[in-house]
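Everything below concerns the one structure shown next.
The values are calculated or read from the model by the stated rules, or taken from the named source; none is laboratory data. Quick caveat, the model's predicted, so the values are computed rather than measured. So basically every Cβ, Gly included, is an ideal-geometry build from the backbone, and we count neighbours across all protein chains shown.
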Amino acid sequence: MNTPAIRSKTSMNGPSTSAPAYATVLAVHGPGLYRWCINRVGSGGAERVFQKTMLEALRRYDAIPEALSIDDWLMAIAARHARDRGT
């Protein structure tokens, strides 16, 4: 998947590094992430893992670690939810 390379947004403090619009991230990365969820937890649990991942991503969206691509960041969140889904 192509990840938007540079993230730019203007804040009250002037231009800053940030992510593209959340809706864009969902459109670009959502289908692949959902397929990953199906492969990881099966079709029965994929929707829940995907939804939990995207909700957490939305809550933490302004704090994406600069060292990670958006795709890697989403996969890390999804992997944690897939691992914890039995609890």
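Looking only at segment 56-73, decide whether some residue is among the aromatic types (F, W, Y) and at pLDDT 95 or above. No; the residues of segment 56-73 include none that is among the aromatic types (F, W, Y) and at pLDDT 95 or above. Considered as a group, the residues in segment 19-55 that are surrounded by 14 or more Cβ atoms within 10 Å (Cβ to Cβ) and over 20 Å from R83 (Cβ atoms) include one that is modelled with the lowest pLDDT, and that residue is A19.
Within segment 7-36, residues that are more than 28 Å from A79 (Cα to Cα) sit with their Cβ atoms under 7 Å from residues that are at pLDDT below 75 and of a type in the set (D, E, K, R), at 6+ positions apart or across chains, in these pairs: S16/K9. Filtering segment 45-87 down to residues that are not in a helix (DSSP H, G or I) and not small (G, A, S), which residue is farthest from A27 (Cα to Cα)? Applying the filter and picking the extreme gives T87.
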